[in-house]
Each structure stands twice: as structure tokens, then as C-alpha cells.
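The values are calculated or read from the model by the stated rules, or taken from the named source; none is laboratory data. Just so you know, these numbers come straight off a predicted model, no measurement behind them. Don't worry about glycine lacking a Cβ; one is built from the backbone with ideal geometry, like all the others, and counts go over all protein chains shown.
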Amino acid sequence: DGLYDALTAEQVDVVISALYVDPTRTAAFAYSTPYFDAGQVLVVAEGTEGIAKMEDLDGRTLAVEFGSAGDVEARMWERRLTALTILPCQTADEAMAKVAAGEADAALVDHLSALMTSVEGMQIVGETVTKEPYAVAMRREDRRLLEAVNKALAVMQADGTWDRLQDRWFTIARRSSR
């Protein structure tokens, strides 16, 4: 709330800090075009075959960070699938380490954790399971600023700047086309 308070008090013009689009705040704040989706993704050990979506986890073990959005999503899938075993972990990295150690078939973690993991030999598979778009927030009345931010984001995405920044700062796991 402190970030939004700073916008309201006109201490800052924009907030860009792993900020997701919050529908409850759109009356007072405007959001840019999303620049990153931090939703939940499936992570498997490199070379794993047969897992590309949540439906593929029937009869398998899924590691999650206990209490996370991934945990909540996994519990919903546990009711849909015949035999999904959920392995709760303290952190997203621990969940991916369980996959690397062969104790789980996959991990469901947020996209940023998957990209930044220190656990080697992991890969992101399939589409993002849940959506959590990150965007730049500003005061609703700052329409020209919103247009300028959206234009800058579009240019960065079109000319490859965003991809270069992501490759530089978000390093380990990469998305598989499986």
C-alpha cells in the first residue's frame, strides 16, 4: 500500500516494482500494458518427457511452495485429477530442488522464481498456468504519462530491448516448446 500512497501523495509519478494489475485499484490508478507475466509455471528437469500442462500430472508428484499461489492452484488441480500428489516445500527453490533430486516430477512456481532459480538443470514447460501480469502504475488522471509509458514499453518489446534485458537479468530456466 505504501507504493500506492506515494502515488496518491504525488511523491512519485510511476511505480514499477513487481507490481501486478490490481482490479480493485483501477478507480484511482491506471496501469500500463503488462510487461511481464509472473504467473505460475511448470518446471521440470531438463529432458523430462510427457509433462507440458497440469493435466499431464495425473499419477505424478508436484512440488509447490506451501501457501503460495502455486499451492492454491495445485490444490484445485488435486480435486480435478485422479491421483495428483502435492509435495509442500518452504520455498520455490526447494520445490525445484525436489524435482532435481527426483523426489517430484514437476514444480509449480511463479515465473520469476523459475527464471531466477539457482537449481541447475531445470526448464519451464508449457504455457503459464495462471496469469499475474506486472505493469507500471500511475495516477488515473495522468493519461499522457500512461501513453508515453505504453509507447516506451512497445518500442522496447519491438526492438528486442526487453528480450535482452530479460536474458541478462532472468537467467537460469528457459521455456521449452514441449
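Some observations on this one:
- Residues of region 54-71 include none that is touching a Pro at 6+ places or on another chain (Cβ under 6 Å) and either closer than 24 Å to TRP162 by Cα or assigned by TED's automatic domain parsing to the domain that holds ASP142 (or both).
- For ALA30: the one exception among (1) assigned to a loop (DSSP other than H, G, I, E, B); (2) in contact with an Asp or Glu (Cβ under 9 Å, 6 or more places away or on another chain); (3) of a type in the set (Gly, Ala, Ser): (1)
- Hits in region 98-120 - residues which are part of a helix (DSSP H, G or I), hydrophobic (A, V, I, L, M, F, W, C) and under 22 Å from TYR134 (Cα atoms): LEU112, ALA114, LEU115, MET116
- Qualifying position, being surrounded by fewer than 16 Cβ atoms within 10 Å (Cβ to Cβ), at pLDDT 95 or above and charged (D, E, K, R), among LYS131, LYS151: LYS151
- When MET76 is tested against the conditions (1) touching a helix residue (DSSP H, G or I) at 6+ places or on another chain (Cβ under 8 Å); (2) at pLDDT 95 or above; (3) of a type in the set (A, V, I, L, M, F, W, C), the lone failure is (1).
- Some residue of region 13-20 being closer than 17 Å to ASP142 by Cα and out of contact with any strand residue (DSSP E or B) (no Cβ under 6 Å at 6 or more places or on another chain): yes
- Among the residues listed as GLY2, GLY50, the single one being without any contact (Cβ under 8 Å) to a residue 60 or more places away in the chain, within 30 Å of ASP142 (Cβ to Cβ) and of a type outside the set (Val, Ile, Thr): GLY2
- Selection count, region 121-137, where residues are assigned to a strand (DSSP E or B) and within 16 Å of PRO23 (Cβ to Cβ): 3
- Hits in region 36-71 (condition: closer than 22 Å to LEU112 by Cβ and β-branched (Val, Ile, Thr)): VAL41, VAL43, VAL44, THR48, ILE51, VAL64
- Inclusion of ALA18 among residues that are assigned to a strand (DSSP E or B) and not assigned by TED's automatic domain parsing to the domain that holds TRP77 is not warranted.
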